[in-house]
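See below for the structure under consideration.
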Amino acid sequence: MIPIGFWSPRAALIKRDPKSRLNLAFLRGSILFAGMMALTACADLAAILPPDTGTTPTRDPFLSLTPEAFTDVPGWKADRHSAALAPFLKSCEKLRARPADQALGDEAVMGRVSDWLPICDDAARVRRGNDTDARYFFESRFQAYLAHNIQKTEGLFTGYYEPQLDGAWKPDSRYRVPIYSRPKDIIGANLGSFDDKWKGEQIAGRLKGGRYVPYFDRAEIETGALNGQQLEILWVDDAIDAFFLHIQGSGRVILPDGTHIRLGYDGRNGRRYTAVGRELVAAGVMRLEDVTMPAIRYWMIDNPAAAQSLMRKNRSFVFFKVLTTAGPIGAEGTVLTPGRSLAVDDKFLPYGIPIWLNTTDPGTKPLRPLRRVVIAQDTGSAIQGPVRGDLFWGHGAAAGDKAGIMKQRGSYYLLLPKSLAPKPDT
């Protein structure tokens, strides 16, 4: 890597010091009961899979960026660039509500809010649906940077979607599984407010006898820990569907009269997440290469008693709220756009930035490229690392089919303000 202050067209300009991650790694190991209460709806196939041990770096992850010409970005000209403008403008609305001098990320080339506002203004002037104008907008306002995790440019890309369930406002012999709103007694703690070395780390618990203790886990909640608090939003007809609603973090519930409501993530109990796919592989039930979301679902349906035990191994539990928006809302606070919203690790990448996704389309034979401009608008507890993404596919069966099998290798390029790109030495 060439040090900051020197320039080469393919030099890595920005490096995040891995030592800054040491205390965070220690903290994660020290508070095993802790979850990340503030994380959003996003969850994905990786949340039920074993970890990606084949490509996990031995060093703590850190982000580095290499500037690239758009002519060297794979497949750049083939995208419908105008399709990325609407989600980008949604992120611009959130940017305008932030202080102008607020930094978007830890790296100088990511800029401050004030650096992005003129770009947002320009985006609003691009003719809708005009791919030529949209491509010129991205090329003229942004510099592309290939993202590295240490020295690796390849990472894991998964998918998520908005599932559909059947439910009712009142319980009966069919609708017996409650979906809970967030309890009033759950207390989140932002550890970063106590010490900067814990920035981004959050826990959740409750007060008991004057002490701060972990909140009820999945088994305790399912056996009545929240009874009598009137937290039930509605009831659904299938415990397995409810479990996958928790994994995805949002969903549509079809009511008996044919209408539907949308549920969105409203927090979690703070317990550590356990990937059920990992448990099935460890028990010898499935081979790693056979683990997909549909495969796990079918196994649960065929083994209902064992499925309940398996689900309770994941002590994490998600709470919901009723949404009136046109779609699920990501961590950025924007409505997600199918095929164009990407969940990222917000410890490394700021929300709202355009990203060129370079991976493959799951389920195609032979594998076809999946390359497009996406916008960082969400995150999730399973999305960890500088080169890691989770693509939102939308709602319904077709979206679920894609999201359920997506575990592709790939890379991405961050599109950052050209005005902030370091100039070559003269």
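FYI, it's all coordinate maths here, none of it is from the lab. The structure presented is a predicted model; accordingly, all values stated were derived computationally and were not measured. Positions of Cβ are backbone-derived with ideal geometry, glycine not excepted, and every protein chain shown enters the neighbour counts.
Summary of computed values
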item: For q = 0.09, 0.10, 0.13 Å⁻¹, Debye-computed log10 I/I(0) when each Cα of the chain counts as one equal scatterer; result: -0.57, -0.71, -1.20
item: Overall dimensions of the stretch 128-237 by Cα: Rg and Dmax, Å; result: 23.1, 64
item: Exceeding the 29 Å Cα-Cα cut-off - candidates K90/K184; K152/K402; K184/K402; K208/K321; K90/K321; K94/K197; result: K90/K184; K184/K402
item: Contact order relative to length of the chain, as percent, for alpha carbon pairs under 8 angstrom and 6 or more apart; result: 28 percent
item: Whole-number percent relative contact order across the stretch 165-245, with pairs defined as alpha carbons under 8 Å at least 6 apart; result: 47 percent
item: Note, ³J(HN,Hα) from phi for the stretch 219-229, Karplus 6.51, -1.76, 1.60, rounded to Hz, x at Gly and Pro; result: 4, 5, 5, 5, 9, x, 4, 9, 4, x, 8
item: Kirkwood estimate for the stretch 385-426, i.e. one over the average of 1/r between Cα atoms, Å; result: 13.8 Å
item: At 0.692 mPa s and 37 °C, Stokes diffusion of the stretch 355-426 via Kirkwood alpha-carbon radius, µm² per second; result: 229 µm²/s
item: For the stretch 161-323, alpha-carbon Rg and Dmax in angstrom; result: 17.0, 52
item: Efficiency of FRET from Cβ geometry, K208 and R96, R₀ 45 Å, rounded to 0.05; result: 0.60
item: Under Karplus coefficients 6.51, -1.76 and 1.60, residue-wise ³J(HN,Hα) of the stretch 203-218 in Hz, glycine/proline x; result: 10, 9, x, 8, 8, 9, x, x, 10, 8, 10, x, 7, 3, 8, 4
item: Size of the stretch 265-320 as Cα extents on the principal axes (Å, biggest first); result: 33, 20, 18
item: Under-5 Å amide H pairs with Y160, H placed in peptide plane, nonlocal only; result: L391, F392, W393
item: Distant-in-sequence amide H partners of L234 (H built 1.01 Å from N, under 5 Å); result: I179
item: Aspartates and glutamates with Cα under 15 Å of K407, excluding same-chain neighbours fewer than 8 positions away; result: D44, D52, E154, E289, D290, D361, D390
item: Length-normalised contact order for the stretch 161-323 - Cα pairs under 8 Å, 6+ apart - percent; result: 32 percent
item: Radius of gyration, Dmax [the stretch 192-257; alpha carbons; angstrom]; result: 16.6, 52
item: Cα-based shape type of the stretch 278-368, given that a ≥ b ≥ c are square roots of the gyration tensor eigenvalues and the cut on a/c is 1.5; result: oblate
item: Mean Kyte hydropathy of 0.0 or more with a Cα span along the axis of at least 20 Å, helices from DSSP in the chain; result: none
item: Cross-link reach list, lysines versus K423, counting only Cα pairs under 21 Å and skipping chain neighbours closer than eight places; result: K15
item: The chain: most fluctuating residue of P61, P163, P74 per GNM, C-alpha cutoff 10 Å; result: P74
item: Dipole of the stretch 161-323 [Lys/Arg +1, Asp/Glu -1 at C-beta], most positive-end residue of V318, I179, I203; result: I203
item: The stretch 353-426-the stretch 257-334 distance, computed between alpha-carbon centres (Å); result: 22 Å
